[in-house]
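Chemist: Before I ask anything, let me first share the structure, which is written out below as structure tokens.
The values are calculated or read from the model by the stated rules, or taken from the named source; none is laboratory data. Since this is a predicted model, take the numbers as computed values, not measurements. Don't worry about glycine lacking a Cβ; one is built from the backbone with ideal geometry, like all the others, and counts go over all protein chains shown.
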Amino acid sequence: MKKENNDGFTINVNSPGNFIAREITFSGTVNIGGANTETVGYSDKQIAQALTNIVGKGKAIDSKRKWAGAYWGLRWYCNFPTSTKDFCDRIKALPLGQLECECDYDNIRRFTSMAFMEENPRFMDRIKPSASEKESFCQCREVVLALVAELGKSALPKVEI
């Protein structure tokens, strides 16, 4: 199989998430989110800020088990580890500071093994959770939607007024 260089192509990725190219070589800048950049995805600082904004009383993550929703979203949108233990370690490595409820492996491991977690949350409107998983799915959906909204805000250019 011959691999060809794809010089001259422009690729724009205008939605949150990851772009994966296999067996394709790019020598130029790839535009992500409409901005010229050579980095892919969100920085740890942006992810930490988004999480900080949705964790706490009255927010999307108001209990330890709702971190399963962050697992679902970050796994697909930010390429976080699929192993629950590794995910929790990755969260602890973020510059989050003190949160009202911390991510804890023992509180989310049961939820992260549910069938809908294997489905991409970008297409959550197509997911049909089982009756036993419906309540968990709804809670995780709420967290993913809040997380995506916050990640979108963090990717906007900073404007001084």
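Chemist: Kindly evaluate residue 75 against the criterion of being surrounded by 15 or more Cβ atoms within 10 Å (Cβ to Cβ), out of contact with any Leu (no Cβ under 9 Å at 6 or more places or on another chain) and over 18 Å from residue 150 (Cβ atoms). So that I can check it myself, show each step before the final result.
Modeler: Numbers: surrounded by 15 or more Cβ atoms within 10 Å (Cβ to Cβ): yes; out of contact with any Leu (no Cβ under 9 Å at 6 or more places or on another chain): yes; over 18 Å from residue 150 (Cβ atoms): no.
No, not satisfied.
Chemist: Looking at (1) out of contact with any Gly (no Cβ under 9 Å at 6 or more places or on another chain); (2) outside any loop (DSSP other than H, G, I, E, B), which is the one condition that is false for residue 59?
Modeler: Of (1) out of contact with any Gly (no Cβ under 9 Å at 6 or more places or on another chain); (2) outside any loop (DSSP other than H, G, I, E, B), only one is false for residue 59: (2).
Chemist: Kindly list, by first and then second residue, each pair from a residue in segment 132-161 that is in a loop (DSSP other than H, G, I, E, B) to a residue that is modelled with pLDDT of 95 or more and exposed (fewer than 15 other Cβ atoms within 10 Å of the Cβ), limited to pairs with Cβ atoms under 7 Å and residues at least 6 apart or on different chains.
Modeler: 133/115
Chemist: Could you please find all residues in segment 142-161 being over 12 Å from the mean Cα position of the chain (by Cα), surrounded by 15 or more Cβ atoms within 10 Å (Cβ to Cβ) and either of a type in the set (D, E, K, R) or on the phi > 0 side of the Ramachandran plot (or both)?
Modeler: Just the residues of segment 142-161 that are over 12 Å from the mean Cα position of the chain (by Cα), to begin with: 142, 153-161.
Among the residues that remain, those that are also surrounded by 15 or more Cβ atoms within 10 Å (Cβ to Cβ) are: 142, 154-155.
142, the sole residue that qualifies.
Let's see how each residue does on (1) in a strand (DSSP E or B); (2) surrounded by 13 or more Cβ atoms within 10 Å (Cβ to Cβ); (3) at pLDDT below 50:
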site	(1), (2), (3)
31	yes, yes, no
36	yes, no, yes
50	no, yes, no
69	no, yes, no
